[in-house]
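Working notes, beginning with the structure itself.
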Amino acid sequence: IAIIFAGPVGLSISIYISEYAPRSFRKTIKPALELLAAVPTVVYGFFALTVVTPFLQSFIPGLSGFNSLSAGLVMGIMIIPFISSLSEDALHAVPNSLREAAYGMGSTKLQNSFRVLVPAASSGIIVSIILAISRAIGETMIVAIAAGQQPRLTFDPTVPVE
């Protein structure tokens, strides 16, 4: 759940910061994103239990108070800074000659971002996703607090799991 949520969001944030955002915005938002990575997982778990679960219960009527859906979504929020920061570094490291060549061939900024820059920085993007997965596996406080700690193995994200 966390990677399904955080992968596209983190990559979109990194593309925006790298290609579309003004330089002054980039200088302020990048440290703020990296600051989110320093928040303890106990805080994220409490946030999942007290904010995200009641919010999801308003949309999903049979949702349990402890569930893997809210834990997965908050785990995704926790790993977005890893994916976006490292992917932005990889996108920023792509040589300007590739960008200029794509513009010279008549591509738009969106085409340049997704057809030239993302494939050129794919190794760095994949590494950021692998690092985010390892952080998600290593951090258990969110799951311990918000998922309910019941020994159940199921694909249903609305019930408590361990």
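What follows draws every value from the coordinates through simple rules; no lab data is involved. Since we're looking at a predicted model, the values are computed, not measured. Note that we place each Cβ from the backbone using ideal geometry, even for glycine, and neighbour counts take in every protein chain shown.
A few notes on this one:
- Meets criteria (closer than 23 Å to Arg26 by Cα and touching a Ser or Thr at 6+ places or on another chain (Cβ under 7 Å)) for Ile77: no
- Qualifying residue in region 118-132 (condition: farther than 30 Å from Val52 by Cα and touching a residue at least 40 places away in the same chain (Cβ under 8 Å)): yes
- Scanning region 12-45 for residues that are among the basic types (Lys, Arg) and surrounded by 13 or more Cβ atoms within 10 Å (Cβ to Cβ) turns up Arg26, Lys30.
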